[in-house]
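These notes are about the structure you will find just below.
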Amino acid sequence: MALTNAQSLEELWDMHTRRMAEYGFDRLLYGYTNYRTSNSLGDPADFVILSNHHKRYVEQYIDDGLYFHAPMTQWALENEGACSWARIQCMLDSGALNEAQRRVVTFNHSFQVHAGYSISFRAISSRAKGAIGLTARPDLSQEDADTIWQKHGTDILLMNNVAHLKITSLPYAGSHRTLTKRQRETLEWVGDGKTTQDIATLMGVSRAMVEKHLRLARQSLDVETTAQAVLKATLHNQMYRL
């Protein structure tokens, strides 16, 4: 599968969105976090967010926190596998949605996001969670989307799981600046347990230069300590890159 050979998120996402569009799902929204707790998904600035929705839709959906109240987000947090958005209509009809959830549904409809499927991926740890929403073309109904899924659902599910696994293996900078080669190298030596003096000797620079690289790395990753920088860089696959 070509997805497994992708060398960047941009390349992978382009291939995946084009493939899903062939099935009738022309707008995708993928989200992944390593910072889930019992009552939070972490800082949205640390999410891995990939989407080909209209920029204004993504900004409002994420920045305004609508995602947290979305009915299918709640389903994804409690389940694994795929789920038809017919579930939303059933909840509307039964009065099971609260006011915040109904606002999300109304917002989605304003952007012609009304039919599709959600996939919740198996978590690799208690802090991690990934999911993707597959929005059907505006001209398709939920019944149409369900028919497509009945015919191709197994293949679509497999391709999205492969994409998810590949995404979690590729470097991601998000809203933060990408580490420079020197900043990354310095953090890698810290991760290997080396002292500042050790690193200075190994890199052939002064201790002051090592401290500068670490300070700039912390700023790029928006963290306070070097230990936090090592952890975040590792989680975002920015460490030990070829």
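The values are calculated or read from the model by the stated rules, or taken from the named source; none is laboratory data. None of these values were measured; they are calculated from a predicted model. Don't worry about glycine lacking a Cβ; one is built from the backbone with ideal geometry, like all the others, and counts go over all protein chains shown. All accessible areas refer to the heavy atoms of the entire protein, side chains included, with ligands and DNA or RNA removed. Shrake-Rupley method; radii C 1.70, N 1.55, O 1.52, S 1.80 Å.
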Taking the range 19-44 as the region of interest, how many residues are among the hydrophobic types (A, V, I, L, M, F, W, C) and touching a Phe, Trp or Tyr at 6+ places or on another chain (Cβ under 8 Å)? 3
Have a look at R102, R19, R87, R36 and point out the one that is touching a residue at least 24 places away in the same chain (Cβ under 8 Å), out of contact with any Lys or Arg (no Cβ under 8 Å at 6 or more places or on another chain) and either part of a helix (DSSP H, G or I) or not aromatic (F, W, Y) (or both). R19
Tell me, yes or no, whether the range 15-36 has at least one residue that is under 26 Å from K151 (Cβ atoms), aliphatic (A, V, I, L, M) and surrounded by fewer than 20 Cβ atoms within 10 Å (Cβ to Cβ). yes
Quick one: is G191 open to solvent by 30 Å² or more (accessible area, probe 1.4 Å) and on the phi > 0 side of the Ramachandran plot? no
Selection count where residues are open to solvent by 90 Å² or more (accessible area, probe 1.4 Å) and in a loop (DSSP other than H, G, I, E, B), scope the range 75-84: 1
Hey, can you tell me all the residues within the range 105-122 that are open to solvent by 30 Å² or more (accessible area, probe 1.4 Å) and touching a residue at least 12 places away in the same chain (Cβ under 8 Å)? F111, Q112, H114, R122
Suppose we filter L140, L165 for residues that are in a helix (DSSP H, G or I) and out of contact with any Leu (no Cβ under 7 Å at 6 or more places or on another chain); which single one remains? L165
Exactly one condition in (1) assigned to a loop (DSSP other than H, G, I, E, B); (2) open to solvent by less than 60 Å² (accessible area, probe 1.4 Å) is false for E224; which is it? (2)
